[in-house]
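Some notes on the structure that comes next.
None of the figures in this text is laboratory data; all of them are computed from the coordinates on show. The structure presented is a predicted model; accordingly, all values stated were derived computationally and were not measured. Quick reminder, even Gly has a Cβ in these numbers, built from the backbone with ideal geometry, and neighbours come from all protein chains shown.
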Ligand SMILES: C[S@@+](CC[C@H](N)C(=O)[O-])C[C@H]1O[C@@H](n2cnc3c(N)ncnc32)[C@H](O)[C@@H]1O
């Protein structure tokens with residue numbers, strides 16, 4: 001069922017009055033009323049649960065953003081253990097209302113003065129129940145859903161938050177990225193490493209967003225003993241980060257200016273690299289492997305190198321520039337994980353955050369187990385299949 005929202009808006013003017021009398025008696029009435037509310041940016045919350053048919057998403061939530069947000073609403077759901085949040089305008093809320101309400105046994109719509117429950121059976125029949133309740137504040141409390149709260153002082157120091165501890169509009173995506181990165185690290189750490197003192201390196205740390213975020217979370221929230229070193233080529237950002245670490249009394253957080261190629265790691269429990277450019281990711285992985293780091297977390301970016309090694313191929317998929325580029329990216333990352341496995345790591349690749357927050361949203365996660373897989377045949381075959389001549393950068397580093 002799709003209801004035109006312009007019709008709904010007209011229809012809803014009278015329905016708004018009806019809600020006060022609790023006379024909204026059909027799903028169509030409710031959808032119409034909802035359209036009025038969302039078009040005037042009123043606070044609402046909708047929860048769909050209990051899918052009618054087998055679905056990968058068990059529950060969807062639409063909630064109201066804080067007034068300063070670019071879009072008034074957000075849609076949150078968990079799919080295959082990954083959490084997604086999509087920003088919405090009113091029109092998109094109504095579209096979700098019409099589609100998802102048909103797919104779930106229960107839909108709950110909360111407005112500031114009422115709560116509606118739509119119960120749907122497998123035959124497609126629905127029943128609407130109305131409760132007179134008061135929901136004073138349906139705005140999602142943003143501070144509750146992030147491991148690094150907007151009040152963390154480093155966020156202001158790095159220019160991601162305002163003086164009132166609100167995450168700046170232009171910094172929202174980076175803020176989400178570092179939160180997800182830190183969340184994944186936290187959920188990957190084995191119990192024996194949660195108590196232990198950890199030595200962590202951030203290769204290509206840039207302005208230190210993730211470096212500070214991880215330090216803040218592990219040392220302040222998890223009270224874990226850690227030392228963190230961020231390394232980058234740019235002297236100005238390194239000076240700024242060191243000054244901020246001193247100001248915040250982050251005694252075990254330091255930044256060094258230099259080329260990661262020349263960084264010698266004496267002891268490293270965890271190596272992280274967020275968007276280290278092109279072969280800088282290979283250097284990071286190599287240094288992690290060399291130092292037998294227990295954990296390597298790397299989100300690669302700008303995969304240029306392998307593409308230059310791909311010679312002319314008859315494969316139709318490699319005839320188109322953009323597809324060749326994407327194939328080269330996939331090939332690079334899969335070769336990297338195969339090599340990590342050869343060196344005793346359990347490695348996987350996944351989307352660490354929705355592509356809405358960054359197009360560079362893949363993460364290579366490697367946990368040292370000591371179990372070495374012989375992937376040499378697979379590596380040779382893959383390279384042949386894509387016409388790769390010569391050694392991929394990490395392959396060259398590992399070959400010595
Ligand atoms: C895209 S930025 C990412 C910065 C940071 N990790 C983040 O995500 O906010 C890549 C950073 O890697 C640094 N970088 C690239 N090659 C490097 C190298 N060989 N040694 C040290 N830093 C390097 C660059 O200077 C740049 O700051």
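For 297, 84, the sequence from fewest to most other C-beta atoms within 10 Å is 84, 297. When restricted to Cα atoms, the chain yields an Rg and a Dmax of 25.3, 78 Å, respectively. With a Förster radius of 30 Å applied to the beta-carbon distance between residue 121 and residue 40, the computed FRET efficiency rounds to 0.35.
Sorting 38-51, 266-279, 203-216 by average packing, meaning the other beta carbons within 10 Å per residue, from highest down gives 203-216, 266-279, 38-51. Take 190-202, 96-108 and order them by the average number of nearby Cβ atoms within 10 Å per residue, most first; the result is 96-108, 190-202.
Report summary: the helix-based calculation at 222 nm, which adds -39500 (n - 2.57) for every DSSP H run with n ≥ 4 and divides by the residues of the chain, gives -11000 deg cm²/dmol.
Between the Cα long axis of helix 27-39 and the first principal axis of the chain there is an angle of about 60°, rounded to the nearest 10. Overall form of the range 288-400: oblate. Here a/c, set by the Cα gyration tensor axes a ≥ b ≥ c, is 1.5 or more, and a/b is not larger than b/c.
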